[in-house]
Structures are given as structure tokens and as C-alpha cells.
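Below: one structure, written as C-alpha cells.
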Amino acid sequence: MADGEGAKFAMFELYLATAEKVSDRRSAANAWMLSVNSAIVALYGYLGADKTPVHILQSSIWLWAIPAAGAIVSVAWTALLSSYRQLNKAKFEVLQEMEKDLAAQPFALERAIYKRENRRSMSTVEVAIPLCFLGLYAVILASDLLRG
């Protein structure tokens, strides 16, 4: 490998590592948000079991406030995923531009195969999880309003 090509490849590797770090942060954020939503649902279930020493008025306020907070967390999660999706998209566009100067172009090839097979992006699938929680919180709020 010529010095110029070696330097380009080293830069490519360095930039690829930054894209991997973003993916790692995204995965950690997803795990954290899933844990937060799971805790919110568990807390709602605990307070809704009528076996808690919480006063009835306080309980009804919490049974409204907890799913409302969950909905806010789910909206924030969706926004976070959108931000990560935009950042990853930009990083992979840069990587594809950089790989044009290299002997192999794996990201361009992968993208072409992905498009040819009409695959959905992981981001599209990933955003379904907070949307499911958002739907759950909407159903909980609606049922509490109808019951109350």
C-alpha cells in the first residue's frame, strides 16, 4: 500500500471508529430508555393494584401523572432516535465518500444490496418500541379518564 493510500485508509479507520462509538451510545441510550419505560409501567401497576398505602386522591393523581410522564419519556426517546439516525446517516455518507479513494468500497456495496432487497432501516424498526410505549400510555390515560 502506498503512503498516500495508507494514510487515507488510516483516516477511514479512525472515522469508522467514531461511527461505531455513536452506534454504541445509541444502543446504551436505547437500553436506558427501555429500562425507564419498564420502571414507569411497573410503578403504574404497583400503584394501580389498590394494595398500596397511598391515599385514594394521591393514587388517582399518580395514576394519571405516571403514564403522562411515560408518554413524555417516549416522545423524548423518539426524538433521540431521530437525532442518532441523522448523525449516523451523515457519518455513513462521509464514510462512503472516503471509501471512493480506497480499493474496496464495502459501505457503498452494502447500501446497494440493502436497497436492492427493499430492506427497512433499523431506525424504522427501532422507533416502533417507543411508539408502542406511547400507545400503551395513551390507552392507560384514556381508560383512566373513562373510568374516572
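Computed from the coordinates by the stated procedures, all read-outs in this text should not be read as laboratory data. Since this is a predicted model, take the numbers as computed values, not measurements. Every residue, glycine among them, receives a Cβ derived from its backbone with ideal geometry; neighbour counts consider all protein chains shown.
Annotation: extensible slack from Ala104 through Glu20 equals 28.3 nm (criterion: 0.36 nm per residue apart, minus Cα-Cα distance).
Relative to its residue count, segment 62-124 spans a Cα convex hull of 76 Å³ per residue. Counting neighbouring beta carbons within 10 Å and listing from fewest to most, the residues Val94, Val125 come out as Val125, Val94. Counting only alpha carbon atoms, the long axis of helix 56-99 and the longest principal axis of the chain meet at about 10°.
Over the chain, the hull volume per residue, using the convex hull of the C-alpha atoms, is 113 Å³.
Starting from the Cα of Gln86, step 7 Å toward the Cβ, then list every residue of segment 1-44 with an amide N under 18 Å from that point. Only 22-23, 26 fall inside the zone, counting backbone N under 18 Å.
Using Cβ point charges alone (K and R +1, D and E -1), the dipole size of the chain about the Cα centre works out to roughly 440 debye.
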